[in-house]
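Participant: My questions will all concern the structure given below.
The values are calculated or read from the model by the stated rules, or taken from the named source; none is laboratory data. Computed from a predicted structure; not experimentally measured. Cβ coordinates were reconstructed from backbone atoms using ideal geometry, including for glycine residues, and neighbour counts include every protein chain displayed. Quick note on the areas: whole protein, heavy atoms, side chains included, nothing else; ligands and nucleic acids left out. Shrake-Rupley method; radii C 1.70, N 1.55, O 1.52, S 1.80 Å.
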Amino acid sequence: DLARNNIRNIGLAIQASGAAGTDIGAMVANLSQKFDLKDPDSIFQALDLLINQGKAGAFTLNNLASQGERVTAAYATTGRVLKPAVKEMGAMLQVIRQGTGSSEMAATAFEALMRTLSDAEKRKKISKTGVRLMDPDEPEKMRAITDIVKDLVKAVDGDVVKLSSIFDAEAIRALNAVAAE
């Protein structure tokens, strides 16, 4: 039913991105399952957002379609849903892609970043920097990844060495472009 209801969205996304139909179909399923986007209009808006982010940045919808299951599963751990979650994930992937050599490396760095933010010991270290991970209005959900990363980099004055005491080398790649700013 999901595919039938989104056949137009899938076709438009294939045309706009050049991605394979199976990859776009999987992306639609991921958006629905991981971010609670159920109706065709919300899925269209999410795909449109990701296409435009990709056109303005370096991590295209074609890249996201091929790496989508990895990154959507990683971001789903935050508990964030709907279009804002898609926007945050897409924006963070654009930033990460600037500091890595390929879209696959960006997806791997994103996964490592999310894995670190989900680790209980690492969370304790992060809280010592004064950065809040959880949303004060919805304590079962993390704050937006873009806000967390900005706050982390500010808390250590962009010092990658300080960040490396919390994040492994793979996750540091996710922070390089932001730290350089």
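Participant: Could you pull out the residue among Arg70, Arg80 that is touching a residue at least 60 places away in the same chain (Cβ under 8 Å) and either out of contact with any Leu (no Cβ under 9 Å at 6 or more places or on another chain) or among the hydrophobic types (A, V, I, L, M, F, W, C) (or both)?
Facilitator: Selected residue: Arg80, the only one of Arg70, Arg80 that is touching a residue at least 60 places away in the same chain (Cβ under 8 Å) and either out of contact with any Leu (no Cβ under 9 Å at 6 or more places or on another chain) or among the hydrophobic types (A, V, I, L, M, F, W, C) (or both).
Participant: Scan the range 31-49 and give yes if some residue there is part of a helix (DSSP H, G or I), out of contact with any Asp or Glu (no Cβ under 8 Å at 6 or more places or on another chain) and among the aromatic types (Phe, Trp, Tyr), otherwise no.
Facilitator: Checking the range 31-49: at least one residue is part of a helix (DSSP H, G or I), out of contact with any Asp or Glu (no Cβ under 8 Å at 6 or more places or on another chain) and among the aromatic types (Phe, Trp, Tyr).
Participant: Tell me which residues, restricted to the range 6-61, are under 19 Å from Ala91 (Cα atoms), free of Cβ contacts under 8 Å to residues at least 40 places away in the same chain and open to solvent by 30 Å² or more (accessible area, probe 1.4 Å).
Facilitator: Phe44, Gln45, Asp48, Asn52, Lys55, Ala56
Participant: Another question, if that's okay. Is there any pair with a first residue in the range 90-101 that is within 16 Å of Ala74 (Cα to Cα) and a second that is among the charged types (D, E, K, R) whose Cβ atoms are under 9 Å apart and which are 6 or more apart or on different chains, and what are they?
Facilitator: Filtered contacts from the range 90-101: Ile96/Arg173.
Participant: Among Val161, Val156, Val149, Val178, which is open to solvent by 60 Å² or more (accessible area, probe 1.4 Å) and either among the aliphatic types (A, V, I, L, M) or in contact with a Cys (Cβ under 8 Å, 6 or more places away or on another chain) (or both)?
Facilitator: Result of the check over Val161, Val156, Val149, Val178: Val161.
Participant: Out of Lys122, Lys141, Lys128, I need the residue that is in contact with a helix residue (DSSP H, G or I) (Cβ under 6 Å, 6 or more places away or on another chain) and open to solvent by 20 Å² or more (accessible area, probe 1.4 Å). Which one?
Facilitator: Lys122
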